[in-house]
Amino acid sequence: MNNNQTVEKLKQMRLGAMADLHLQQIRENRTTDLTADEYLALLTDHQWEDHKDRKIQRLLKQATFRGQAALAEVDYTQQRNLDKNMF
């Protein structure tokens, strides 16, 4: 089986991140530096992280927060009784 077939099968199985990384590794000829176990672990970790990132983005979108917040924007005035060191 050639690499194009492998990439297409990965995409059909909804493993797009794994397919993209595999294709990138082939183009850059970096697949020979790793053992088969290490390469499979690399692909699996990449797919896992992509899945988790997409889940977080989906949940944030579904949460419909009123606005974006950042720690730099937190008001630590006396009235709120927030300890800056706790953050």
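The values are calculated or read from the model by the stated rules, or taken from the named source; none is laboratory data. This structure is a prediction, so every number in the text was calculated from the model and none was measured. Here the Cβ is made from the backbone with ideal geometry for all residues, glycine too, and neighbour counts use every protein chain on show. When the accessible area is computed, the model is the full protein with side chains, heavy atoms only, and any ligands, DNA or RNA have been set aside. Shrake-Rupley method; radii C 1.70, N 1.55, O 1.52, S 1.80 Å.
Mind telling me which of the residues A36, A17 ends up being under 25 Å from K52 (Cβ atoms), surrounded by 11 or more Cβ atoms within 10 Å (Cβ to Cβ) and not basic (K, R)? Just one listed residue meets the conditions, A17. Of all residue pairs spaced 6 or more apart or on separate chains, those with beta-carbon atoms under 6 Å, a first member in region 27-40 that is without any contact (Cβ under 8 Å) to a residue 12 or more places away in the chain and within 19 Å of N4 (Cα to Cα) and a second member that is open to solvent by less than 100 Å² (accessible area, probe 1.4 Å) and of a type in the set (S, T, N, Q) are T31/Q25. Of all positions in region 69-78, at least one carries a residue that is in a helix (DSSP H, G or I), open to solvent by 80 Å² or more (accessible area, probe 1.4 Å) and either polar (S, T, N, Q) or modelled with pLDDT of 95 or more (or both). For region 64-87, filtering for residues that are more than 26 Å from the chain's Cα centre (by Cα) and aliphatic (A, V, I, L, M) leaves 3.
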